[in-house]
Amino acid sequence: MDQRPVRTRFAPSPTGRMTIGNARSALYPFLLARRTGGTFILRIEDTDQKRFVPGAERELINGLHWLGIEFDEGPDVGGHFGPYRQTERREIYHEYAWKLVEMGHAFLCFCTPDRLEKIRQEQMKNKQNPRYDGTCRNLSLDEGRRRAASGEKYVIRFKMPKEGSVTTTDLVRGPSTTENSALDDTVLLKSDGLPTYHLAAMVDDHLMEITHVIRGSEWLPSLPLHIHIINAFGWEAPQFVHLSVFLKPSGKGKMSKRGAAEAIQGGHSIFVSDMQGLGYIPEGVLNWIALMGWGVSEGDVLTLDDMIARFDIHNLTPSPAAINFAKLDHFNATHIRLLQAGDLAARVRPYFLREGLTVDDAMLLKIIPLIRERLVTLDDCLPFAAWFFRETIQPDPADLIAKNLTAAQSAEVARKSLEILAALPEITPVTADPPLRALVEQMGLGPNQVFGILRVAVTGQTVSPPLFESMEVVGKEKVLERVKNAIAILEKMK
Ligand code: GLU
């Protein structure tokens, strides 16, 4: 792999919530930059005023921070190639659009939206591809200047050559040739004075010295136009990679707004800012996203550092990737298990606090090894472990009665267990397991019957972390108190 330091960028439009698609469009150029000791840039492409959503930029930046995708240059951090928000670069685009006009590669177009719409309707009726009909293509520059100066509204269009062809190369898809006659005189500068994506992105990628453009596949059809623009300026083109599309979990069709809503109904989300609330950790999310379009082996467990060490742009694949939430769960659970106990404790702590519980940190550290293997998402800590922090628990009386036993028989089991537990100097798996198993034998019962009663008595629930380990964490005093309470409940039930 070419090791020269690259300059890459993530260039989102602040037009909505940050999706996992955005995250992937940020991750790969970030990895390439880190892999080569290069620079990763955040550029906010906010020139489409109609689609602008306030707060979207903040959400993107927060999402990148949460995921650990740090940018070296960008709106908050600055850099030598700023400003990094396109609306703050208007004059630059204006200047470059006019350069193209003066060089004869672009022209001023005064056609009104009404007229253009009529042409479009006509072309559609005749089953032609809608395109500009060339009315203003040959206006002289002088006339253009005069009409513009008199206040007439205009746009600047690229003057696409009528003949010849253009060959483009996408690093993962290879070369492709397009006849120029199939291309349009696309608008570069709009009548509001703001550039379209085509002009703004090409100018910025050049001025910001971007070496590798990694972007969504929706831009692949525009690549011939982009190469024309770059050639018209006489610039060197960056390398282009267009990422695969995300398909709905069913594999049928592209991920859409509706698909996003369905995911939320199913307890998942494609929005990065939802992931945290759903108990996902950035390590799990990143691993999942990384493998949707990167041809390393599917089950690979990768941290961000592993990804940086292994990333190779040539292993990106153009094949569509179906969003698979089961894989997200798998990677999340796997990365939770890889966390240091103290780190995991700090991450689950807020979930307990949110429940209104007071967290004893020393106890929390002891609980971590008991629940770590069971967590798929961080919020799973609640059903397994919230009871540890409750002063009192209220077992459901029905749960205290063991299978195939009466309430009286269950009370008898609890009384005998209490005697054994009370006699122990302290309760640990080593001290409690043998005598209680002996009790199981002696009473001719199954372990699940005896331990089931004790589990419900001590934890208040039928599913819990390992029983004796849990008792050790809770401490002898509380265990005895709770078993006594269970006996009282059972005795009342006769
Ligand atoms: N603003 C464009 C988008 O969000 C960026 C595409 C690119 O990376 O060049 O789709």
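Structure summary
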read-out: For a label point 7 Å along the Cα-to-beta-carbon line of Asn126, residues of the stretch 183-217 with backbone N under 20 Å; value: 183-186
read-out: Degrees, to the nearest 10: 197-207 long Cα axis against longest axis of the chain; value: 90 degrees
read-out: Percent breakdown of C-alpha pair distances by 5 Å bin, ordered from the shortest bin, for the stretch 272-351; value: 3, 14, 25, 23, 18, 10, 5, 2, 0
read-out: Rounded tilt (10° steps) of 56-67 against the dominant C-alpha axis of the chain; value: 50 degrees
read-out: Calculated P(r) of the stretch 277-322 - Cα pairs past 16 Å, %; value: 37 percent
read-out: Cβ-placed point charges (K, R +1; D, E -1), dipole of the chain about Cα centre in debye, nearest 20; value: 1240 debye
read-out: Distant alpha-carbon pairs in the stretch 352-494 (separation over 25 angstrom), percent; value: 25 percent
read-out: Size of the stretch 1-70 as Cα extents on the principal axes (Å, biggest first); value: 41, 24, 16
read-out: Rounded to the nearest 20 debye, dipole of the stretch 114-182 from Cβ charges on Lys, Arg, Asp, Glu; value: 180 debye
read-out: Between the stretch 171-248 and the stretch 262-337, the alpha-carbon center distance in angstrom; value: 28 Å
read-out: The stretch 380-445: C-alpha gyration tensor shape, a/c 1.5 cut-off, then a/b vs b/c; value: oblate
read-out: Cα-based Kirkwood hydrodynamic radius, the chain, one decimal, Å; value: 27.3 Å
read-out: Dipole of the chain [Lys/Arg +1, Asp/Glu -1 at C-beta], most positive-end residue of Gly78, Ala333, Ala23; value: Ala23
read-out: Two-decimal ratio, the stretch 210-258, of alpha-carbon radius of gyration to 2.2 N^0.38 Å; value: 1.50
read-out: For the stretch 434-494, alpha-carbon Rg over 2.2 N^0.38 Å; value: 1.12
read-out: Value at 222 nm in deg cm²/dmol, rounded to 500, when DSSP H runs of n ≥ 4 in the chain each add -39,500 (n - 2.57); value: -14500 deg cm²/dmol
read-out: In order through the stretch 459-464: 3J(HN,Hα) via Karplus (6.51 cos²θ - 1.76 cosθ + 1.60), integer Hz, x for Gly, Pro; value: 9, x, 9, 8, 10, 7
read-out: Size of charge dipole - the stretch 334-413 - debye, nearest 20, with Cβ of Lys, Arg +1 and Asp, Glu -1, no other charges; value: 280 debye
read-out: Reduced Cα scattering model of the stretch 255-410, Debye log10 I(q)/I(0), q = 0.12, 0.19, 0.21 Å⁻¹; value: -0.66, -1.17, -1.29
read-out: Linear extension gain, Ala182 paired with Phe325, 0.36 nm per residue minus alpha-carbon span; value: 47.4 nm
read-out: Antiparallel DSSP beta bridges within the chain, percent to nearest 5; value: 55 percent
read-out: Two-site label geometry, Val463 and Lys190: point separation in nm, points 7 Å out along Cα→Cβ; value: 5.1 nm
read-out: Using alpha-carbon coordinates, inclination of helix 223-233 to the longest axis of the chain, degrees; value: 50 degrees
read-out: Order by protection proxy (mean Cβ within 10 Å, highest first), peptides 137-148, 424-435; value: 424-435, 137-148
read-out: Residue (of Val155, Ile427, Leu223) at the positive-pole extreme of the chain, dipole from beta-carbon charges; value: Val155
read-out: Rg(Cα)/(2.2 N^0.38 Å) for the stretch 77-171, N = residue count; value: 1.37
read-out: For the stretch 321-413, convex hull volume per residue from C-alpha positions, Å³; value: 156 Å³
read-out: log10 of Debye I(q)/I(0), alpha-carbon scatterers only, for the stretch 118-162 at 0.19, 0.21, 0.25, 0.28 Å⁻¹; value: -0.73, -0.82, -0.95, -1.03
read-out: Spin-label model distance (nm) - Arg137 vs Asp433, 7 Å beyond Cα toward Cβ; value: 8.4 nm
read-out: Estimated vicinal HN-Hα couplings, Hz - the stretch 329-338 in sequence order (Karplus 6.51, -1.76, 1.60; Gly, Pro = x); value: 4, 4, 5, 5, 4, 5, 6, 4, 5, 7
read-out: Within the stretch 471-494, backbone nitrogen closer than 11 Å to the virtual label 7 Å beyond the Cα of Ala408 toward Cβ; value: 494
read-out: In Hz, Karplus ³J(HN,Hα) per residue of the stretch 259-264 (6.51, -1.76, 1.60; θ = phi - 60°; x = Gly, Pro); value: x, 5, 5, 5, 4, 5
read-out: Cα-Cα over 24 Å, subset of Lys416/Lys476; Lys127/Lys190; Lys99/Lys153; Lys118/Lys257; Lys50/Lys125; Lys125/Lys153; value: Lys127/Lys190; Lys118/Lys257; Lys50/Lys125; Lys125/Lys153
read-out: Residues in the stretch 18-50 reached by a label modelled at Trp98 [backbone nitrogen below 20 Å; 7 Å Cα→Cβ]; value: none
read-out: Cys with no candidate disulfide partner in the chain (beta-carbon separation under 4.7 Å rule); value: Cys111, Cys381
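Only the coordinates and a few stated rules stand behind these numbers; no lab work does. Here the structure is a predicted model, which is why all the values come from computation and not from measurement. Note: ideal-geometry Cβ built from the backbone for every residue, glycine included; neighbour counts use all protein chains shown.
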